[in-house]
Amino acid sequence: MKQNKTVYIVNSDDAGNRIDSFLAEYTGRSRASVQKSIEAGEILLNDAETKSNAKLKEGDKIDISEEEKVSEEILPEDIPLDIVYEDDDVLVINKPRGMVVHPAPGHYSGTVVNALLYRYKDGLSDLNGDDRPGIVHRIDADTTGLIVCTKNNKAHEAMAKQLEAHTMTRRYEAICYNSFTEKEGTVNKRIARGDSDRKRMVISPKGKEAVTHYRVLENIGNFAHIECVLETGRTHQIRVHMKSIGHPLLGDKIYTNAKAPFNTDGQMLHAGVLGFKHPTTGEYMEFKADLPDDFKRALRLLRQ
């Protein structure tokens, strides 16, 4: 039987999860199916057989051997990328709304990775496995803005260390429900995956540390235009944190049922500023991406 091998390096978001729960979400398989593969020795943790209840740590290596599925083959695709900056080590991309960063169950084409494979072939880092070449971090499909990708493993390691040390600059703009009385504030609430819905994040004392600083740019009736600065980078962090203080994001289909005054294609959240030290030169570099047209349109409509 032809086998497809995937190697995954556990990041900080996934650390602490059971290996069977994590892989069920990661592969799209049932938890029972994953457990059978673990028992059969088809899934290794740090090059050794493991148990289904093993807790993952950041930096752990998971080797997955499974039957190759044509439907899940990740192919290069000629998809235009808005490249803000590029050199021999890194490239900064301004991602549009609706584009998934890396393949996942239900999304094996049309992703940033498919575009990167077409443009760079084997000239990408591979520390996050064959299905995430060049990918250091991600933003949600319906979030627009800047991400950094790497062309070699040395650069990838350097960028990952900056993310982990919280030294990378990441500033977002968002539109949220309800005006503010204060001009700025900080949300410091731990975030974890939901027990019943693993794709939904929740505030939990058992979660990982998450800190978001926010500043009000403009109150607009029952809405507000804000800037958020991430101190940590948890999944859905801004969306979950703002909801937790009574300011869910406009257009967020997961974390609010509030009726929007007009249609949006997703949450009004834009990663507008990204800054980091270059992995080779050590020079601090900062990049900006203008608000997308639909975000500007939303502001215009709210101001009317």
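Can you give me the number of residues within region 161-180 that are more than 15 Å from His278 (Cβ to Cβ) and touching a Phe, Trp or Tyr at 6+ places or on another chain (Cβ under 9 Å)? Residues that pass the stated criteria total 8.
Does at least one position in region 264-273 carry a residue that is of a type in the set (A, V, I, L, M), over 19 Å from the mean Cα position of the chain (by Cα) and more than 17 Å from Ala141 (Cα to Cα)? Scanning region 264-273 turns up no residue that is of a type in the set (A, V, I, L, M), over 19 Å from the mean Cα position of the chain (by Cα) and more than 17 Å from Ala141 (Cα to Cα).
The residues listed here are Gly28, Gly41; of these, the one that is surrounded by fewer than 19 Cβ atoms within 10 Å (Cβ to Cβ), modelled with pLDDT under 85 and in contact with a Pro (Cβ under 6 Å, 6 or more places away or on another chain) is Gly28. Leu250 meets each of the listed conditions (1) over 16 Å from the mean Cα position of the chain (by Cα); (2) closer than 25 Å to Ala15 by Cα; (3) of a type in the set (A, V, I, L, M, F, W, C) apart from (2). Close Cβ contacts (under 6 Å, 6 or more residues apart or on different chains) running from residues in region 35-55 that are farther than 21 Å from Ala15 by Cα and free of Cβ contacts under 8 Å to residues at least 40 places away in the same chain to residues that are part of a strand (DSSP E or B) and acidic (Asp, Glu) comprise Gly41/Glu49. What strands (runs of 3 or more DSSP E) lie completely within region 196-304 and have 2 or more residues being at pLDDT 95 or above, open to solvent by less than 60 Å² (accessible area, probe 1.4 Å) and of a type in the set (Val, Ile, Thr)? Where strands (runs of 3 or more DSSP E) fall fully within region 196-304 and carry at least 2 residues being at pLDDT 95 or above, open to solvent by less than 60 Å² (accessible area, probe 1.4 Å) and of a type in the set (Val, Ile, Thr), they are 211-220, 223-230. Each residue in region 138-154 was checked for being within 11 Å of the chain's Cα centre (by Cα) and either within 8 Å of Ser125 (Cβ to Cβ) or basic (Lys, Arg) (or both), and 1 pass. Scanning region 1-42 for residues that are farther than 24 Å from Asp195 by Cα and touching a helix residue (DSSP H, G or I) at 6+ places or on another chain (Cβ under 6 Å) yields a total of 0. Of all residues in region 154-184, those satisfying the criterion of being in a loop (DSSP other than H, G, I, E, B) and open to solvent by less than 30 Å² (accessible area, probe 1.4 Å) are Met168, Phe180. The residue that is surrounded by the most Cβ atoms within 10 Å (Cβ to Cβ), among those in region 119-153 that are at positive phi and free of Cβ contacts under 8 Å to residues at least 60 places away in the same chain, is Gly134.
The values are calculated or read from the model by the stated rules, or taken from the named source; none is laboratory data. None of the values given here were measured: they were computed from a predicted structure. All Cβ positions, even for glycine, are placed from backbone atoms using ideal geometry, and neighbour counts span all protein chains on display. Just the protein is used for accessible areas: all its heavy atoms, side chains included, with ligands, DNA and RNA removed. Shrake-Rupley method; radii C 1.70, N 1.55, O 1.52, S 1.80 Å.
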